1. Those residues that are surrounded by fewer than 17 Cβ atoms within 10 Å (Cβ to Cβ), without any contact (Cβ under 8 Å) to a residue 60 or more places away in the chain and in a loop (DSSP other than H, G, I, E, B), I need them from segment 1-34; list them, please.
2. Please go through segment 136-155 and pick out each residue that is in a loop (DSSP other than H, G, I, E, B) and either at pLDDT below 95 or on the phi < 0 side of the Ramachandran plot (or both).
3. If we scan segment 39-54, do we find a residue that is touching a strand residue (DSSP E or B) at 6+ places or on another chain (Cβ under 9 Å) and closer than 21 Å to residue 119 by Cβ?
4. Please list, ordered by first then second residue, the pairs with beta carbon atoms under 6 Å, 6 or more apart or interchain, first in segment 91-110 and closer than 16 Å to residue 64 by Cα, second within 14 Å of the ligand (Cβ to nearest atom) and modelled with pLDDT under 95.
5. Every residue in segment 58-68 that is in contact with a helix residue (DSSP H, G or I) (Cβ under 6 Å, 6 or more places away or on another chain) and not in a loop (DSSP other than H, G, I, E, B), please.
6. For segment 107-130, give me each residue that is part of a helix (DSSP H, G or I) and closer than 21 Å to residue 171 by Cβ.
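The values are calculated or read from the model by the stated rules, or taken from the named source; none is laboratory data. No experiment lies behind these values; they were computed from the predicted model shown. Cβ atoms come from the backbone with ideal geometry, glycine included; neighbour counts cover every protein chain shown.
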Ligand code: E4P
């Protein structure tokens with residue numbers, strides 16, 4: 001499973017990139033809006049910090065403007081993936097961009113039919129939203145599971161990127177259904193690396209070793 005970090009905050013991206021576990025980044029207009037006015041500089045920095053795929057979302061609305069902005073975003077760096085929200089009027093644009101070899105991440109996916117439609121257009125990533133679907137009583141993990149089934153059953157090349165992850169349990173659950181990629185908010189990443197029994201175990205090893213009164217392990 002690939003692990004992406006779900007933020008536009010450069011300090012947090014640097015901190016987690018240094019662990020070596022981060023394969024990419026997802027940003028969106030909401031996370032980017034928290035990083036101040038210079039969005040281009042922020043995005044270029046992120047593309048330099050992380051070598052893997054960096055999703056950058058279009059903010060234009062009209063289909064032809066979305067197409068042009070997608071091309072501009074794609075020129076920013078070699079590891080850019082252009083993020084486009086699902087909409088019927090964007091399907092021709094998505095088909096055109098995919099045909100032209102632009103890597104795309106189709107976002108705000110809430111149903112299996114949406115997964116099938118954009119997978120048929122040959123997009124690189126499809127992002128089902130777990131947390132937001134659960135907020136309205138839907139089955140977010142079921143959606144990821146259905147999405148994995150659809151791409152395998154119909155031999156489609158798109159990767160399923162589990163998004164809108166709110167808890168470590170969400171992460172465990174999307175792993176269990178075999179999601180190709182998960183994008184994790186820094187808070188979930190931070191929570192995931194702490195286990196009380198690991199901390200307790202280290203403490204016990206330290207105590208036992210110190211009780212021996214020996215300085216060097218190998219001499
Ligand atoms: C990532 O690509 C999505 O934009 C993000 O996971 C959305 O998360 P949220 O529903 O917590 O805002």
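1. Of everything in segment 1-34, those that are surrounded by fewer than 17 Cβ atoms within 10 Å (Cβ to Cβ), without any contact (Cβ under 8 Å) to a residue 60 or more places away in the chain and in a loop (DSSP other than H, G, I, E, B) turn out to be 18, 19, 20, 21, 34.
2. 136, 138, 139, 154
3. yes
4. The qualifying pairs do not exist here.
5. If the condition is that a residue be in contact with a helix residue (DSSP H, G or I) (Cβ under 6 Å, 6 or more places away or on another chain) and not in a loop (DSSP other than H, G, I, E, B), then 63, 66, 67 are the ones that fit.
6. Residues satisfying the conditions are 115, 130.
Matching residues to (1) in contact (Cβ under 8 Å) with a residue 60 or more places away in the chain; (2) under 15 Å from residue 163 (Cβ atoms); (3) more than 17 Å from the chain's Cα centre (by Cα); (4) within 13 Å of the ligand (Cβ to nearest atom):
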| site | (1), (2), (3), (4) |
| --- | --- |
| 36 | no, no, yes, no |
| 55 | yes, yes, no, yes |
| 72 | no, no, yes, no |
| 81 | no, yes, no, yes |
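Residue-by-condition table, conditions (1) crowded, with 22+ Cβ neighbours inside 10 Å; (2) farther than 20 Å from residue 24 by Cβ; (3) under 12 Å from the mean Cα position of the chain (by Cα):
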{"position": "116", "(1), (2), (3)": "no, yes, no"}
{"position": "125", "(1), (2), (3)": "yes, no, yes"}
{"position": "129", "(1), (2), (3)": "no, no, yes"}
{"position": "134", "(1), (2), (3)": "no, yes, no"}
{"position": "137", "(1), (2), (3)": "no, yes, no"}
{"position": "144", "(1), (2), (3)": "yes, no, no"}
{"position": "157", "(1), (2), (3)": "no, no, no"}
{"position": "162", "(1), (2), (3)": "yes, no, yes"}
{"position": "194", "(1), (2), (3)": "no, yes, no"}
